[in-house]
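Novice: Dropping a structure here in structure tokens format, bear with me for questions.
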Amino acid sequence: MTKVIGIVQVKGGAGRSTVSTNLAGELSKQGRTVLIDCDLPQGTSQSWYAVRQEAGKTAGLTIDTATNHRELVAKVEQHADADYIVLDSPPRIAEMTRAILILADLCLVPVGTSAAELWATGDILELVKEANKVKRVNARLVWTRYRPNTKLAQGLTQEAEKELHLRALNASMGMRVAYMEALGEGLTGADMHDPSARDEVRQLVEEVKLLLKVKP
Ligand SMILES: Nc1ncnc2c1ncn2[C@@H]1O[C@H](COP(=O)(O)OP(=O)(O)OP(=O)(O)O)[C@@H](O)[C@H]1O
Ligand SMILES: [Mg+2]
């Protein structure tokens, strides 16, 4: 059955497109994957795909777009033969985010590791609570620009669970040039020479599959 993964966050620049492209790029090596860019006209995922296509690396992966929530619902139905659908969302509280929360089997909420970003994430929780009335939403925080072993990072994980009732993935993405470069080159962290980025992306994919109950 198709597994739908939504990457949502109302705060701009949190790392939605980075998480989306890394997941889509890696999952496409394991199953038919569709990346749907719901953040137009910016279209970061769409641009990433275009560069990837030029590099001849799009086997298993297709791109699509959705400009509003109705179109998104139709597109997800249309791609029901895919193994994975990854949804890159816009940075606003909008119908689109609500639709993604309902459509997705798993929602990831990227948060840069700072208190300000965590506070801004509170807004998403209201949407999750609303969406929970329609369908139980399976959501997890994912730390981006993470600095392990800092007091800040550890404190924020506890705060997120206590205040936001939102669990964080064990996998996280550190603050790495490799991710910035990968985004511009149509690649993922796993394709880069940075072994830490490679490990992080593999762990992210494995944890996502575990949460989606995809057999290894
Ligand atoms: N873990 C990371 N390490 C280093 N740079 C990162 C990391 N995650 C994201 N970035 C960089 O931060 C910028 C914003 O990331 P990204 O485009 O993924 O966020 P977004 O939430 O999709 O933003 P937007 O609101 O513009 O759609 C990009 O330049 C990206 O390369
Ligand atoms: Mg984006």
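Novice: In region 78-95, which residue that is surrounded by fewer than 24 Cβ atoms within 10 Å (Cβ to Cβ) and within 23 Å of Gln42 (Cβ to Cβ) is farthest from ligand 1 (Cβ to nearest atom)?
Specialist: Gln78
Novice: Collect the residues in region 177-201 that are charged (D, E, K, R), in a helix (DSSP H, G or I), in contact (Cβ under 8 Å) with a residue 12 or more places away in the chain and out of contact with any Gly (no Cβ under 9 Å at 6 or more places or on another chain), keeping them in residue-number order.
Specialist: Filtering region 177-201 for residues charged (D, E, K, R) gives 181, 185, 191, 194, 198-200.
Those left that are additionally in a helix (DSSP H, G or I): 181, 185, 191, 198-200.
Next, only the ones that are in contact (Cβ under 8 Å) with a residue 12 or more places away in the chain stay: 185, 191, 200.
Across region 177-201, the qualifying residue is only Glu185.
Novice: Somewhere in region 41-49, is a residue under 22 Å from Asp123 (Cβ atoms) and surrounded by fewer than 23 Cβ atoms within 10 Å (Cβ to Cβ)? Steps first, please.
Specialist: Our first condition is that a residue be under 22 Å from Asp123 (Cβ atoms); within region 41-49, this holds for 42, 44.
Going one step further and asking which of them are surrounded by fewer than 23 Cβ atoms within 10 Å (Cβ to Cβ), we end up with 42, 44.
Yes, that holds for at least one residue.
Novice: Take the residues in region 139-157 that are polar (S, T, N, Q) and crowded, with 16+ Cβ neighbours inside 10 Å; name whichever of them is modelled with the highest pLDDT.
Specialist: At the first step, the residues of region 139-157 found to be polar (S, T, N, Q) are 144, 149-150, 154, 157.
Next, only the ones that are crowded, with 16+ Cβ neighbours inside 10 Å stay: 144, 157.
Values: Thr144: 93, Thr157: 78.
Checked region 139-157; the qualifying residue modelled with the highest pLDDT is Thr144.
Novice: Also, quick follow-up: Looking only at residues in region 130-148 that are away from ligand 1 (no atom under 16 Å from the Cβ) and polar (S, T, N, Q), which one is nearest to Ser45 (Cα to Cα)?
Specialist: Asn138
Novice: Further question on the same structure: Out of all the residues in region 158-170, which are in a helix (DSSP H, G or I) and surrounded by 19 or more Cβ atoms within 10 Å (Cβ to Cβ)? If you could, list the steps in order and put the result at the bottom.
Specialist: Of all residues in region 158-170, those in a helix (DSSP H, G or I) come to 158-163.
Selection gives Ala160 alone.
Novice: Need at least 1 residues that are within 16 Å of ligand 2 (Cβ to nearest atom), more than 27 Å from Gln203 (Cβ to Cβ) and modelled with pLDDT of 95 or more per element, so show me which strands (runs of 3 or more DSSP E) inside region 4-88 make the cut, counting only ones lying wholly within it. First the steps, then the outcome.
Specialist: Numbers: elements: 33-37, 61-65, 84-88.
Hits in region 4-88: 61-65.
Novice: On to the next question. Can you name the residue in region 1-46 that is touching a residue at least 40 places away in the same chain (Cβ under 8 Å) and basic (Lys, Arg) and, of all such residues, is farthest from ligand 1 (Cβ to nearest atom)?
Specialist: That would be Arg32.
The values are calculated or read from the model by the stated rules, or taken from the named source; none is laboratory data. Because the structure is predicted, anything quoted here is derived from the model rather than measured. Note that we place each Cβ from the backbone using ideal geometry, even for glycine, and neighbour counts take in every protein chain shown.
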